[in-house]
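The values are calculated or read from the model by the stated rules, or taken from the named source; none is laboratory data. The shown structure was predicted, so the numbers you read here are calculated from the model rather than taken from an experiment. Don't worry about glycine lacking a Cβ; one is built from the backbone with ideal geometry, like all the others, and counts go over all protein chains shown. Only protein heavy atoms, including side chains, enter the accessible area calculation; ligands, DNA and RNA are left aside. Shrake-Rupley method; radii C 1.70, N 1.55, O 1.52, S 1.80 Å.
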Amino acid sequence: MELEAEDSGMSAKAEDLMRQQYLVPRKSVKKLREMSRREGVSAGELARRAIEAFTSGNILTEPEEEVASRAVLKDIHTQVRAALSRIDAGLSEIRARERALTDGTFRAQVVAETRAWFDAHPEEAQGIVDFFAPQAAA
């Protein structure tokens, strides 16, 4: 008699299947039930898949996972530090401009530059006056 293996999609003869019992921590049983519900397959199928993945070498060993995780974390850390450095530089520039606005340094600089430009371009100064105050020019 042919017996369909639970949710695995593989046909197996009844004599090829064995019932085994193993002691498993309660937390692991709870996780297995949650995974079974989430994946929509039996706990037995999940156990078979895990054994197949482990024995086929398709999963990372714990040290490989740790190394990969550390590499990702190091990359993230490097990117975060670079972003923070850019933010600090931007904040320093903003603070310097804010100080210049607050203490009048910036205003004084703009006034001086404007006066210097008018002194260097007296002919254009009259054109500006005519544009903004046409009645004053008449």
Among Arg37, Arg48, the single one that is loosely packed, with under 12 Cβ neighbours inside 10 Å and assigned to a helix (DSSP H, G or I) is Arg37
Within the range 64-82, identify whether any single residue is of a type outside the set (Val, Ile, Thr), open to solvent by less than 60 Å² (accessible area, probe 1.4 Å) and at pLDDT 95 or above, and answer yes or no.
yes
